[in-house]
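*Asks:* First the structure, which I've put down as structure tokens, then a few questions once you've had a look.
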Amino acid sequence: MPAVGLERDVSVVVTRRDHAPREEPRTDAPAAPAQAPAATEPLPSLGAERVPICDEPWKSLYILRRGVYPCCYGGHELAPMDDYRKVWNSPQLQEIRGELAAGRLHGYCRESPACPIVRKMAAAGELKTAAAPLSRLRRGWHRLDRVLNGLPGRLYRPLKPLAGRLIPALRG
């Protein structure tokens, strides 16, 4: 390879490894400054603002022995296992889908403490003030239930129908 010094006005270009480098004369013309692209109208939206918070209720239905759930983090069943066909277009699941499509969490979702979307929204402070402490309380309950091998859940289960009647009576 020929030596390239400051006294010579050439540049070295290597095209491929099996070819010897070749010399090309330099031009004295300065390079044109890069110009910013002309201001154009913003590109049309790709629809990201219309994407629901969670798309699970549109994609799947979890059918388990203990009931039918709209997602794997479901807090309580929507119907017994045998009624899974009725649940897919049920008013309750349509309501859940509508809230998620509007960018809001449905009450059913807020009652699912293991859901990563609910956890992220609670950590970011995006849940309503009453929903965040309730979510933490539910997570703590489920953690306690896991540690004690389901004992709190087994103790609460017989009292659940009574609590279901008592809480609305206290609210109203």
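The values are calculated or read from the model by the stated rules, or taken from the named source; none is laboratory data. Keep in mind that this is a model prediction, so the values were computed, not measured. Cβ: placed from backbone, ideal geometry, glycine included. Neighbour counts: every protein chain shown.
*Asks:* Can you tell me which condition G75 does not meet? The list is (1) surrounded by 13 or more Cβ atoms within 10 Å (Cβ to Cβ); (2) at pLDDT 80 or above, and all the others hold.
*Replies:* G75 satisfies all of (1) surrounded by 13 or more Cβ atoms within 10 Å (Cβ to Cβ); (2) at pLDDT 80 or above except (2).
*Asks:* Among the residues of the range 96-109, is there at least one that is more than 16 Å from D55 (Cβ to Cβ) and either in contact with a Pro (Cβ under 9 Å, 6 or more places away or on another chain) or crowded, with 17+ Cβ neighbours inside 10 Å (or both)?
*Replies:* Residues of the range 96-109 more than 16 Å from D55 (Cβ to Cβ): 107.
Restricting the remaining residues to those that are either in contact with a Pro (Cβ under 9 Å, 6 or more places away or on another chain) or crowded, with 17+ Cβ neighbours inside 10 Å (or both) gives none.
No, the conditions are met nowhere in the range 96-109.
Condition check ((1) at pLDDT 75 or above; (2) farther than 27 Å from C54 by Cβ) across all residues:
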site: G125; (1), (2): yes, no
site: A131; (1), (2): no, no
site: S135; (1), (2): no, no
site: G140; (1), (2): yes, no
site: D145; (1), (2): yes, no
site: P152; (1), (2): yes, yes
site: L155; (1), (2): yes, yes
site: P161; (1), (2): yes, yes
site: L166; (1), (2): no, yes
